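These notes are about the structure you will find just below.
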Amino acid sequence: MAQETEIAEDETQVQPDQPVEETVEETADEVVEEEPKEEPRKVLPGDLIGTSEEFIPRNGAYLEGGNIYAAASGIVNINKKDRAISVTPVTNTPPHLQVGDIVIGQVTDVKDSVALVEIAGIKGKGEREIVNAEQAAIHVSNVKDAYVKDLYYEFAPFDIVKARVLDLRNMRLSTVNKELGVMKAYCGNCRTVLKVDNGKLKCPKCERTETRKLSSDYGTGII
Ligand code: ZN
């Protein structure tokens with residue numbers, strides 16, 4: 001109704017062009033209305049997503065007075081077989097990321113007390129799948145089972161690390177474990193990938209040695 005009013009008002013101002021635009025808009029609307037069943041539908045909490053006659057509310061959906069509403073911000077899922085309707089939450093954290101998950105990511109910055117990591121994937125949930133880039137942090141107290149004198153000896157920007165998710169709210173990661181830590185590191189001098197040599201990291205090109213909190217899987221590519 002609002003649209004019709006707007007068009008009517010415009011028509012009085014711009015008469016020659018308006019009827020053409022009106023036809024185009026209506027056609028476009030009709031096409032869009034046929035599609036949404038297949039397209040992901042984004043909803044906010046409280047949005048009406050169906051009725052109890054059509055669906056059974058599942059996760060992220062609730063029934064009230066015969067209507068089904070979204071309980072979370074997210075994407076509507078409809079299982080036609082079970083007549084189930086649910087809402088998969090969309091939040092700032094990567095999808096399906098949970099406390100205890102092992103993630104792989106790249107160090108973006110190292111500060112006195114934290115190394116910042118951009119998470120790129122979750123172990124066992126498709127290592128190659130890039131979840132939405134989320135910044136996490138490894139606090140100096142969560143690096144290893146020993147005193148960390150200087151975080152700059154443990155991580156460097158561009159390092160690829162394997163870490164465990166400690167908490168989702170602050171996106172804290174831990175590398176306290178043999179297989180957790182740096183998986184791949186680059187020479188601070190010439191950017192060549194460093195190799196492990198007698199428990200130390202050495203640049204095969206310029207012979208520079210560096211230290212890191214190494215994963216026991218360093219250089220293997222095993223996540
Ligand atoms: Zn080098």
Answer from Tyr147, Tyr186 - the residue that is assigned by TED's automatic domain parsing to the domain that holds Thr108, free of Cβ contacts under 8 Å to residues at least 12 places away in the same chain and either surrounded by fewer than 20 Cβ atoms within 10 Å (Cβ to Cβ) or among the aliphatic types (A, V, I, L, M) (or both): Tyr147
Conditions (1) in a loop (DSSP other than H, G, I, E, B); (2) away from the ligand (no atom under 16 Å from the Cβ): number failed by Ala163: (1)
Number of the condition not met by Lys123 [criteria: (1) surrounded by fewer than 17 Cβ atoms within 10 Å (Cβ to Cβ); (2) free of Cβ contacts under 8 Å to residues at least 60 places away in the same chain]: (2)
The range 172-214 - residue that is modelled with pLDDT of 95 or more and of a type in the set (Gly, Ala, Ser) and, of those, farthest from the ligand (Cβ to nearest atom): Ser174
Candidate set from the range 121-147 (those that are in contact with an Asp or Glu (Cβ under 9 Å, 6 or more places away or on another chain) and in a strand (DSSP E or B)); member that is modelled with the highest pLDDT: Ile138
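The values are calculated or read from the model by the stated rules, or taken from the named source; none is laboratory data. Owing to the predicted nature of the structure, the values given are computational and were not obtained by experimental measurement. Please note: Cβ atoms are built from the backbone with ideal geometry, for glycine as well, and neighbour counts cover all protein chains shown.
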